[in-house]
Amino acid sequence: MTRIVSVIINSIVVIDMLVISILIFYRDKKWSLSNGKKALKYFTFLSNEFFALAALLMILLPNSYAVWIVKFVGTVAITITFLTVLVFLGPALGYKRVMEGRDFVLHVVNPVLAIISFCFFERRNMPFYYCLFGLLPVLLYGAWYFYKVMIAPEGKKMDDFYGFNKNNKWILSVILMSLGTFAVCAAYWGIMLIK
């Protein structure tokens, strides 16, 4: 039964991300990376795509521990999306704005499904130091975001659309995001220990 529920939840995420990706990248009867270029700059979209890939792998290779670790990393990433929307973006931009249309799926539905599937239907133990793997998506995206907002030459710079450098407080943002992500990783590690 546990396996069936896991497959159902993972399939929902794979299907909804397939639909969302088609809506983003397929326009005017053709596939184009430029159509979805805007979406690719958001951690929300990237974390959902990564989680969908992890969910697909979990469907195909449910007994692989390496795949389970990938699912753990994907679950952490999409949980960060969820928490960032609840704690930071929602209050800053308005919850209605960040939870309309497909954003509701990306910001709420998929993260909640990820948490449920991982915590209740795909439980395994892992060494505590594996929590470091969960930091990778946030650290990699953070390094790219920092470069595009702070360092990139004029013409290639990107707006600070997440507001992480508001009032020149990017160091505080780095510390909070890193600590918050590690706390999520540790929380999942602890949940896996509960019998």
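In region 108-129, how many are basic (Lys, Arg) and either surrounded by 14 or more Cβ atoms within 10 Å (Cβ to Cβ) or assigned to a helix (DSSP H, G or I) (or both)?
1
Please count how many residues of region 133-160 are within 14 Å of Ala92 (Cβ to Cβ) and open to solvent by 50 Å² or more (accessible area, probe 1.4 Å).
0
Residues that are without any contact (Cβ under 8 Å) to a residue 12 or more places away in the chain and open to solvent by 30 Å² or more (accessible area, probe 1.4 Å), at least 3 per element: which helices (runs of 4 or more DSSP H) completely within region 1-107 meet that?
Answer list for region 1-107: 2-25, 95-98.
Any residue at all in region 174-192 that is in a helix (DSSP H, G or I), open to solvent by 60 Å² or more (accessible area, probe 1.4 Å), within 15 Å of Ile69 (Cβ to Cβ) and touching a Pro at 6+ places or on another chain (Cβ under 9 Å)?
Yes, some residue in region 174-192 is in a helix (DSSP H, G or I), open to solvent by 60 Å² or more (accessible area, probe 1.4 Å), within 15 Å of Ile69 (Cβ to Cβ) and touching a Pro at 6+ places or on another chain (Cβ under 9 Å).
Out of the residues in region 161-173 meeting the condition of being surrounded by 13 or more Cβ atoms within 10 Å (Cβ to Cβ) and of a type in the set (Phe, Trp, Tyr), tell me which one is farthest from Thr44 (Cα to Cα).
Trp170
Yes or no, residue by residue, for (1) in contact (Cβ under 8 Å) with a residue 40 or more places away in the chain; (2) part of a helix (DSSP H, G or I); (3) small (Gly, Ala, Ser):
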position	(1), (2), (3)
Cys131	yes, yes, no
Tyr141	yes, yes, no
Val149	no, yes, no
Lys156	no, no, no
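The values are calculated or read from the model by the stated rules, or taken from the named source; none is laboratory data. This one's a predicted model, so the numbers in the text were calculated from it and none came from an experiment. Positions of Cβ are backbone-derived with ideal geometry, glycine not excepted, and every protein chain shown enters the neighbour counts. Just the protein is used for accessible areas: all its heavy atoms, side chains included, with ligands, DNA and RNA removed. Shrake-Rupley method; radii C 1.70, N 1.55, O 1.52, S 1.80 Å.
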